[in-house]
Amino acid sequence: MDSSWTMWLSCMWVAWFMLVSAEFQRFEHPVKADGSLSFLVIGDWGRKGAYNQSHVALQMGKVGEELGIDFVISTGDNFYEEGLASPYDPAFSHSFTDIYTASSLQKQWYSVLGNHDYRGDVLAQLSPILRRIDSRWLCLRSFLVDTDIAEFFFIDTTPFVDQYFRDPKHQKFDWRGVIPRKKYLSRILKDLRGALKESVAKWRIVIGHHPIKSIGHHGPTKELITHLLPILEANSVDIYINGHDHCLEHFSSITSSLQFFTSGGGSKAWKGDFDYLDGGEEMKFYYDGQGFMSVVLTPTNAKIGFHDVLGRVQHSLDLSKQTYNAYTAM
Ligand SMILES: *[C@@H]1O[C@H](CO)[C@@H](O)[C@H](O)[C@H]1NC(C)=O
């Protein structure tokens with residue numbers, strides 16, 4: 001074998017290895033000096049302030065101040081109706097920078113993409129150009145944030161939904177980076193399984209755009225029940241948080257310690273527009289209006305609040321880590 005052939009072979013091997021060993025990009029986020037962590041969760045928001053987006057933002061600022069939050073999580077559908085047209089789309093400033101202006105919200109934002117974000121230039125929101133415009137912004141497809149007391153697994157759920165591929169109707173999706181789809185999805189599931197296996201005992205929180213449990217307009221996502229839920233249950237995930245349904249919800253699993261939260265009330269809510277399903281005994285809370293979630297985590301406790309457009313707490317709960325997350329409503 002001549003040396004250029006050997007060189008070519010070893011390059012191919014390196015390329016192949018990088019491909020098969022690719023995994024979630026990992027970020028570290030420090031906890032507070034007392035070992036705790038607090039954050040807000042908002043979803044389905046970017047409407048240039050309309051539909052009470054600005055009012056929700058104002059209350060987030062107040063609650064964020066009280067809790068001294070460490071970061072904000074966005075569950076996707078960040079920019080309506082069709083994501084961003086490019087990284088220079090002024091909608092980024094008009095719906096994000098100019099809206100979430102409170103000093104308490106000048107923290108890192110960790111965001112996933114929603115289905116509406118896939119209807120624009122999908123690469124725009126992932127672009128480092130946005131981080132130069134507003135350094136708070138971080139949106140990736142699937143990634144992991146590690147803190148001393150909790151690990152956050154952000155999952156790109158939109159490509160799981162069959163209907164967007166089979167019957168997109170008037171919607172045009174930008175599937176760059178997703179095709180071939182089957183490979184893309186199995187990679188996410190494999191990486192998630194691997195990351196959960198490696199994770200040492202602490203809070204495990206998984207974030208996606210689409211609901212696993214919901215009685216809202218869209219309801220549960222069957223593809224996630226089939227492919228994602230079994231992984232969450234098998235790896236003692238504590239909490240799954242999503243948006244997509246424009247409401248606030250809490251479900252408590254009857255077969256595991258998993259809690260399901262919807263935070264999709266960042267702007268336009270569907271108040272009264274749709275009939276909803278019976279949530280059964282797992283349903284603990286459903287609020288068909290605008291709002292957001294707050295979370296305070298210690299190594300052993302999680303205190304969760306659901307706030308409406310006026311900042312009022314509509315529902316709250318405490319989870320305890322020692323008691324296998326048996327949850328107590330307050
Ligand atoms: C905004 O919030 C107020 C106060 O709850 C409510 O009365 C109003 O209907 C909301 N507006 C929209 C457009 O949702």
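The set of residues in segment 289-320 that are within 15 Å of the ligand (Cβ to nearest atom) and not polar (S, T, N, Q) comprises Gly289, Gly291, Phe292, Phe306, His307, Asp308, Val309, Leu310, Gly311, Arg312, Val313.
Conditions (1) outside any loop (DSSP other than H, G, I, E, B); (2) crowded, with 19+ Cβ neighbours inside 10 Å, marked per residue:
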{"residue": "Glu233", "(1), (2)": "yes, no"}
{"residue": "Val237", "(1), (2)": "no, yes"}
{"residue": "Glu249", "(1), (2)": "yes, yes"}
{"residue": "Gly265", "(1), (2)": "no, yes"}
{"residue": "Lys284", "(1), (2)": "yes, no"}
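For Ile215, state whether it is buried (at least 19 other Cβ atoms within 10 Å of the Cβ), closer than 17 Å to Met283 by Cβ and in contact (Cβ under 8 Å) with a residue 60 or more places away in the chain. In short, yes. Where helices (runs of 4 or more DSSP H) sit wholly within segment 80-178, those with at least 1 residues that are closer than 28 Å to Thr226 by Cα occupy 122-126, 163-166.
Scanning segment 40-48 for any residue that is among the acidic types (Asp, Glu) and away from the ligand (no atom under 16 Å from the Cβ) turns up nothing. Would you confirm whether any residue within segment 6-27 is modelled with pLDDT of 95 or more, within 16 Å of the ligand (Cβ to nearest atom) and either out of contact with any Leu (no Cβ under 6 Å at 6 or more places or on another chain) or not in a loop (DSSP other than H, G, I, E, B) (or both)? Scanning segment 6-27 turns up no residue that is modelled with pLDDT of 95 or more, within 16 Å of the ligand (Cβ to nearest atom) and either out of contact with any Leu (no Cβ under 6 Å at 6 or more places or on another chain) or not in a loop (DSSP other than H, G, I, E, B) (or both).
The values are calculated or read from the model by the stated rules, or taken from the named source; none is laboratory data. Keep in mind that what you see is a predicted model, and the values were worked out from it rather than measured. Counting neighbours? That spans all protein chains shown, and the Cβs are built from the backbone with ideal geometry, glycine included.
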